[in-house]
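Notes for the one structure printed next.
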Amino acid sequence: MAEALQQLILDTLDTHGTIRDTRTLVIPGQKEAAASQDAQVSILGALNSLASRDMITYTTHETLSHVLTPEGAQIALEGSHEARVWAALPSKGEGEPVSPAELKQKVGDEAAKVGQGRAFKNGWIAKEGSGLVKLALSIQDKTQLDMREVDSTGTLKDGEKALAELRKRKLIIQRKGQWFAVQKGPSFSTSIAKLETDLTVESLTSGAWKTATFKKYNFEADGIPTNGGALHPLLKVREEIRNIFLEMGFTEMPTSSFVESGFWCFDSLFVPQQHPAREVQDTFYLSDPSVSLPPPKSYYERVSKVHEHGGFGSTGYRAPWSDAESRKLLLRTHTTASSSAMLYKLAARCRGEADTDAVDHADLAHEHGKVLAQTSGGAGSVPSGSVATGQDDGFRPAKLFSIDRVFRNETMDATHLAEFHQVEGVVADKGITLGDLLGFMKVFFEKLGLENLRFKPAYNPYTEPSMEIFAFHPQLKKWVEIGNSGMFRPEMLEPMGFPKDVRVLGWGLGLERPTMIRYGITNIRTLVGHKVSIEGVEKSPAVMF
């Protein structure tokens with residue numbers, strides 16, 4: 001097919017000297033001229049092949065046309081919504097008026113909804129009592145006529161204003177097309193013999209190279225310049241935030257498990273099993289495998305009990321507990337699922353369990369509870385030496401952080417993605433309060449260069465009190481929510497085995513929004529995904545909060 005089309009172009013040029021419009025060509029195997037866009041795409045492939053051998057030259061001409069949408073095609077065939085509504089009604093004074101419910105049964109919900117308004121506007125129908133009747137004895141279905149005209153010609157004689165109205169009604173869409181004018185090239189020939197690109201042993205020994213036609217080589221062409229590696233802005237900001245946490249004495253948590261169970265992602269955090277966040281509209285659930293391995297039995301029983309019946313000073317949710325809901329596998333919606341698992345391990349000493357991994361981690365990260373020294377600048381300090389000097393209850397203070405990906409079934413817009421990064425800080429100690437949380441966040445966000453902050457009281461199932469964190473975005477010129485914070489509830493901590501006087505505070509934020517503020521990005525979809533500018537990544541400055 002490709003060679004036959006190339007030969008057709010060469011033969012036509014040989015006969016006529018030029019091809020003024022490739023839409024006049026009849027492609028081999030077809031009966032009609034190549035007026036369609038698909039036909040012109042095929043012709044373009046043949047032209048490019050011939051032009052690469054200097055056999056032809058061509059110029060491109062663009063066209064704009066319109067095609068019908070499925071709704072427009074239906075109107076061209078069956079009539080417009082307003083005409084169908086008019087046809088379904090009796091004339092005024094000649095029958096019982098048709099109620100809106102009856103009209104829906106006759107013409108369908110969509111036609112009744114759209115058609116009534118336009119039929120009223122055209123003066124075709126009127127209301128009589130609680131029903132509808134015809135006013136006009138006959139009508140001209142202009143919309144159907146327009147659809148048929150667009151279908152046959154690709155445009156309307158009424159002009160652009162009429163086309164714009166039909167585009168607004170989503171009855172037609174605009175399509176760009178192209179056609180070509182073709183001339184003979186410097187190496188024009190009616191033969192399409194393939195050009196040789198290499199000298200082979202066979203051509204040298206046989207002497208065929210002497211009469212062969214070789215493809216030209218451009219020895220002046222430069223090679224593709226090599227590019228050095230570059231870090232994405234997100235990675236730059238991630239590393240800077242990680243360094244801030246380490247500077248403040250935090251230890252990084254392992255967060256490699258993107259797939260979590262409903263138990264660790266929700267139940268262990270005292271999120272009710274009926275919470276909207278657990279619906280498929282907000283959470284991605286796995287289909288294979290769909291069920292997790294069981295969590296630790298005794299801990300599972302304590303968690304289910306406090307949910308269903310209460311305990312630890314709480315009345316619980318007084319709602320039926322579902323093992324199946326707890327065992328569902330999902331893409332984690334927050335890294336707090338990993339924080340919950342780490343806190344459970346840190347409580348191993350308090351439970352009196354020989355959890356070697358947890359004990360080793362606690363000793364390595366916190367060295368006998370002395371790590372909570374005062375942070376830089378004096379703000380955000382937590383009382384050190386808060387572990388009792390008498391009987392050791394096994395608790396060790398902890399400062400932990402994580403930066404990793406989370407997944408939510410979000411509708412993507414300028415500030416939301418379905419996959420993003422969450423930054424989380426957690427502090428556990430005795431005697432700490434909301435003031436310590438505010439102190440930590442003040443130091444942390446100042447180091448990020450975000451001093452224009454606001455805090456708003458909020459509700460979280462697993463923290464009380466809770467606060468949402470807002471920062472002013474100078475490019476968007478509005479306050480943007482960048483994080484959440486709060487003090488973890490006793491209903492979450494005490495089932496893990498922590499003593500009653502242990503408090504855990506935490507705050508979290510997205511990685512993407514601070515990056516947007518830092519780099520002046522107004523649409524998050526240009527930060528990650530297929531719209532990212534590679535040149536922008538290469539030239540993005542270093543992060544200096």
>> What figure, in Å² to the nearest 10, do you get for the accessible area of HIS421 with a 1.4 Å probe and non-protein molecules left out?
In response: 40
> About its Cα centre, how strong a charge dipole does region 448-545 have in debye, to the nearest 20, once Lys and Arg get +1 and Asp and Glu get -1 at the Cβ?
Replying inline: 360
> Which pairs break 29 Å Cα to Cα here: LYS477/LYS531; LYS442/LYS478; LYS399/LYS539; LYS104/LYS161?
Replying inline: LYS399/LYS539; LYS104/LYS161
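Given an 8 Å cut-off on Cα distances and at least 6 residues of separation, report the relative contact order of region 1-133 as a percent. Before the final figure, lay out the partial values.
Numbers: 108 pairs, mean separation 22.5, N = 133.
The value is 17 percent.
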>> Using only Cα atoms and rounding to the nearest 10 degrees, what angle (0 to 90) does helix 2-16 make with the longest principal axis of the chain?
In response: 40
> On the first, second and third principal axes, largest extent first, how far apart are the outermost C-alpha atoms of the chain in Å?
Replying inline: 106, 97, 45
> Counting only heavy atoms of protein chains, what accessible area per residue, in Å², does the chain have with a probe of 1.4 Å?
Replying inline: 53
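Whenever you get a sec, compute what percent of the accessible area on the chain sits on carbon and sulfur atoms (1.4 Å probe). Don't skip to the end; give the middle numbers.
Numbers: 15180 of 28980 Å².
Result for the chain: 52 percent of the exposed heavy-atom area is carbon or sulfur.
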> What is the distance, in nm, between label points placed 7 Å from the Cα along the Cα-to-Cβ direction at LYS176 and at LYS442?
Replying inline: 5.6
> Taking the Cα centre of each part, how many Å lie between region 4-31 and region 199-222?
Replying inline: 30
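Over 23 Å apart: what share of the alpha carbon pairs of region 116-267 falls there, rounded to a whole percent? Walk me through the intermediate numbers first.
Working: 8937 of 11476 pairs.
When all Cα pairs of region 116-267 are counted, 78 percent exceed 23 Å.
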>> What does the extension gain come out to for THR315 and LEU199, with contour length at 0.36 nm per residue minus their alpha carbon separation?
In response: 33.1 nm
> When all protein chains stay in place, what accessible area (Å², nearest 10, 1.4 Å probe) is found for SER322?
Replying inline: 40
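With a Förster radius of 51 Å, plug the Cβ-Cβ distance of ASP288 and GLN30 into 1/(1 + (r/R0)^6) and report the FRET value to the nearest 0.05. Working shown, then result.
Details: r = 47 Å, r/R0 = 0.93.
It comes out at approximately 0.60.
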> Taking amide hydrogens as modeled 1.01 Å from N in the peptide plane, which residues meet the under 5 Å criterion relative to MET467, leaving out close sequence neighbours?
Replying inline: ALA458, SER485, GLY486
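How big is the antiparallel share of DSSP beta bridges in the chain, given as a percent to the nearest 5?
Percent antiparallel among DSSP bridges in the chain is about 95.
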> Spin-label point model (7 Å from Cα, Cβ direction): what's the SER206 to GLN140 distance in nm?
Replying inline: 7.2
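For the full complex of protein chains and a 1.4 angstrom probe, list TRP507, TRP209 by accessible area with the highest value first. Walk me through the intermediate numbers first.
Values: TRP507 5, TRP209 105 Å².
So the residues, ranked largest to smallest area, are TRP209, TRP507.
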> Quick one: if the Förster radius is 45 Å, what FRET efficiency do TYR217 and HIS416 give, using the C-beta to C-beta distance and rounding to 0.05?
Replying inline: 0.30
>> Within region 392-425, name every residue whose backbone N is under 18 Å away from a label modeled 7 Å from Cα of ARG242 along the Cβ vector.
In response: 400-406, 420-425
>> Can you give the local net charge around SER187? Use residues other than it whose beta-carbon is closer than 13 angstrom to its beta-carbon, Lys and Arg +1, Asp and Glu -1.
In response: +3
>> For LYS216, give me every one of the lysines with a C-alpha distance below 25 angstrom, ignoring sequence neighbours fewer than eight places off in its own chain.
In response: LYS184, LYS194
> Which FRET efficiency value, to the nearest 0.05, is calculated for ASP11 and THR63 with the Förster distance at 25 angstrom and r the Cβ-Cβ distance?
Replying inline: 0.45
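How large is the dipole of region 178-256 about the Cα centre if only Lys and Arg carry +1 and Asp and Glu carry -1, each at its Cβ, rounded to the nearest 20 debye? Could the numbers behind the result be given before it?
Details: 8 positive and 9 negative charges, 104 e Å.
Approximately 500 debye in magnitude.
Using only the alpha carbon atoms of region 81-140, find the Kirkwood hydrodynamic radius as the inverse mean reciprocal pair distance, in angstroms to one decimal. Provide the component values of the computation, followed by the final result.
Values: mean 1/r = 0.0915 Å⁻¹.
This gives a value of 10.9 Å.
Per residue, how big is the convex hull of region 392-469 when only Cα atoms are used? Give it in Å³.
Working: hull volume 11.9 nm³, N = 78.
Here the figure is 153 Å³ per residue.
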> GLU325 versus TYR459, label points 7 Å from Cα toward the beta carbon: distance in nm?
Replying inline: 1.6
>> Keeping all protein chains in the complex and leaving out DNA, RNA and ligands, what accessible area do you get for MET412 with a 1.4 Å probe, in Å² to the nearest 10?
In response: 110
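The values are calculated or read from the model by the stated rules, or taken from the named source; none is laboratory data. The model shown is predicted, which means the values in this text are computed figures rather than measured ones. All Cβ positions, even for glycine, are placed from backbone atoms using ideal geometry, and neighbour counts span all protein chains on display. Protein only, heavy atoms only, side chains kept; ligands, DNA and RNA dropped before computing areas. Shrake-Rupley method; radii C 1.70, N 1.55, O 1.52, S 1.80 Å.
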